Amino acid sequence: MIDKRLFQLTNKNNLIEIVFFRILNLVCSIILWFLFANYLTQLIEVKATLNGLFFVAILIILSIKLMLLKYLEIQIYRSSAELRMNIRDQVIKKSFRLGKVQSLSTAELMQYAVEGVEQLEIYYSRFLPQLFYCIFSSMLIFMILYPYGAFPATILLLCMPLIPLIIMGVMKVAKRILGKYWKNYTDLGVVFKENLSGLSTLKAFNQDEAQQKRVNDHAETFRKSTMSLLSMQLNSITIMDIISYSGAGLVIGIAFYGFTEGSVSLNGILLFILLSAEFFIPMRQLGSLFHVAMNGISAMGKLFDYLETEEVAYGVEPFEEQLEKLTGSFSFSYGEEQGKNILQVSSFSLKKGELTAFVGRSGSGKSTFAKLVSHRLSGYKGFINWNETEIQSITKQSIQQKSVYVDSHGYLYQGTVRENFKIVDDSITDEKVWKVLEKVNMADFFESKPEKLDFQLSENGRNLSGGQRQRLLLARSLLKDVNFYVFDEITSGIDQESEEVILKVIHQISKHKIVIFISHRLYNALKADKVYVFQDSGLEVGSPEELFEYSSYFQAYFKEEEEILEGDYKNEI
């Protein structure tokens, strides 16, 4: 019920302070009811007259209670705001650190970080303080009532665990229901976001109606999960109400019986009547908060699992020398398939001044290899060296200063061309920007615009063609003069002119840098110095000429690609 990891993200003193001031508020209530009981006893037994001091005391106590309640609300708000900010801050930082190696989809992460954190806030700032308050208040009320009637006070204390026991029983059922609730909730969010992102595609292929039915099915499943959850909550609240009111009635009844027998005084019976509510109402509130808190507990588990996702491990050793070569021998498997090597590399060597091409079908391990040797991914067995230094001992700053990973998923921000290039270095001059734009044949395009470098790009460069967008991403990466470049499928889905420009630039860079060029199209690798062919049976390495001679897989792959290209050419004719 209590996850200690939560207190690592927030100050637990906030929780202690809330409980402390609630206990103070209870003490004020006890004093108030004690005054009422004594005053009523005097009115009944000795026919006392109205006393002005009594009303002054009541007003003072009520004023103190009002101030305490006001302070409690402020403190609850502050603690909940701090928790929300801290968790969301940690989630955002974790997301940036993980990069593209995410364990949750964008829609799931958004739902847990927004709705899940809101539910978690209720669990932390209201449910947990109420839980501790119930424990302390029960013991305090028992100690006060015991001298007035040991037997009814003991019965009152014995009733205390009933609601928490019900909560624990409900929790077992609730975990299963809430698991389904959150799964259906996130599934609906994922489908909705997916359809919204691809709405134009659905319209183009006349599939929007079919997808609407799919969304409706998910929505109906979620509705049923919600109704099941609400039904469980309503039933358990009804049971807790019965126990609360029955328990209060039972204790008052026993106290009345003691009063008739002479074992409980008039003052005592009045205190039992007035304080029974102070005993059971907090328990009843705890039960009500529990159902909302369970949503928070369920979301908390997912959020903490995400925050504990393994990250790329960096070292503490700076790497200040020029990167001349990469060597190594390693095996790698993803967490879900431990024991099954996704990638097995007996040895490899990448050198400065060589263009190394990675080719193979989708899912063959090309990008995984590149991410491992550029340290965008870790968890391998074996060794990967930059020059003579094991990559895992190098600092994150050195890795980023010495290497760049460019793929087709790079992002262009809404703003000017200049602003997008200043992301690399705020001190970049216009001269350097024009120089790299010239390299990718984009200088003339922006020169023809009245705004020049102040040309406004729409979100992710949507007002550019696919080839122009990719060339702009390449130009931006060239501004960062590094020793090691990885170009991952950056010629995928672009026009031939842009592809030729990009390939030319890559060949120029490879003359004095270490360059990996990844493509599933074999003909792009024919001018490479060395080709790594990724296949299910293993890895083949050699120059294009050598692979044509001894690799049957390379020959078959090339022939298959030629047939595809020939078919595309005939279709165009």
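The values are calculated or read from the model by the stated rules, or taken from the named source; none is laboratory data. Keep in mind that what you see is a predicted model, and the values were worked out from it rather than measured. With ideal geometry, Cβ positions are generated from the backbone for all residues, glycine too; neighbour counts draw on all protein chains shown.
Scanning the range 385-398 for residues that are assigned to a strand (DSSP E or B) and either farther than 16 Å from residue 327 by Cβ or of a type outside the set (A, V, I, L, M, F, W, C) (or both) yields 385, 389, 390. The residues of the range 359-384 that are surrounded by 16 or more Cβ atoms within 10 Å (Cβ to Cβ) and outside any loop (DSSP other than H, G, I, E, B), listed by number, are 359, 360, 366, 367, 368, 369, 370, 371, 372, 373, 384.
Close Cβ contacts (under 6 Å, 6 or more residues apart or on different chains) running from residues in the range 213-227 that are under 19 Å from residue 179 (Cβ atoms) to residues that are β-branched (Val, Ile, Thr) comprise 218/191. Here residue 234 clears all of (1) part of a helix (DSSP H, G or I); (2) among the aliphatic types (A, V, I, L, M); (3) touching a residue at least 12 places away in the same chain (Cβ under 8 Å) except the condition numbered (3). Inclusion of residue 503 among residues that are closer than 22 Å to residue 416 by Cα, in a helix (DSSP H, G or I), at pLDDT 85 or above and in contact with a strand residue (DSSP E or B) (Cβ under 9 Å, 6 or more places away or on another chain) is not warranted. Counting only helices (runs of 4 or more DSSP H) wholly contained in the range 115-216, the ones carrying 1 or more residues that are acidic (Asp, Glu) occupy 117-122, 162-197. In the range 394-419, the residues that are at negative phi reach residues that are surrounded by fewer than 14 Cβ atoms within 10 Å (Cβ to Cβ) and part of a strand (DSSP E or B) with C-beta atoms within less than 7 angstrom, at least six apart or across chains, in these pairs: 394/317; 395/317; 416/456.
Does residue 348 satisfy the criteria of being in a strand (DSSP E or B) and either charged (D, E, K, R) or in contact with an Asp or Glu (Cβ under 7 Å, 6 or more places away or on another chain) (or both)? In short, no. Screening 259, 205 for residues that are assigned by TED's automatic domain parsing to the domain that holds residue 139 and crowded, with 16+ Cβ neighbours inside 10 Å leaves exactly one candidate, 259.
Screening residue 250 with (1) crowded, with 18+ Cβ neighbours inside 10 Å; (2) under 16 Å from residue 152 (Cβ atoms) gives one miss only, at (1). Within the set 510, 552, the sole residue that is surrounded by fewer than 14 Cβ atoms within 10 Å (Cβ to Cβ) and of a type outside the set (Phe, Trp, Tyr) turns out to be 552. Every test in (1) over 25 Å from residue 124 (Cα atoms); (2) in a loop (DSSP other than H, G, I, E, B) is passed by residue 37 save one, and that test is (2). Across the range 135-152, the number of residues qualifying as in contact (Cβ under 8 Å) with a residue 60 or more places away in the chain and more than 46 Å from the chain's Cα centre (by Cα) comes to 6.
Listed here are the residues, each with its yes/no results for (1) modelled with pLDDT under 90; (2) closer than 26 Å to residue 503 by Cα.
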| residue | (1), (2) |
| --- | --- |
| 379 | yes, no |
| 384 | no, no |
| 390 | no, no |
| 409 | yes, yes |
| 417 | yes, yes |
| 422 | yes, yes |
| 427 | yes, no |
| 430 | yes, yes |
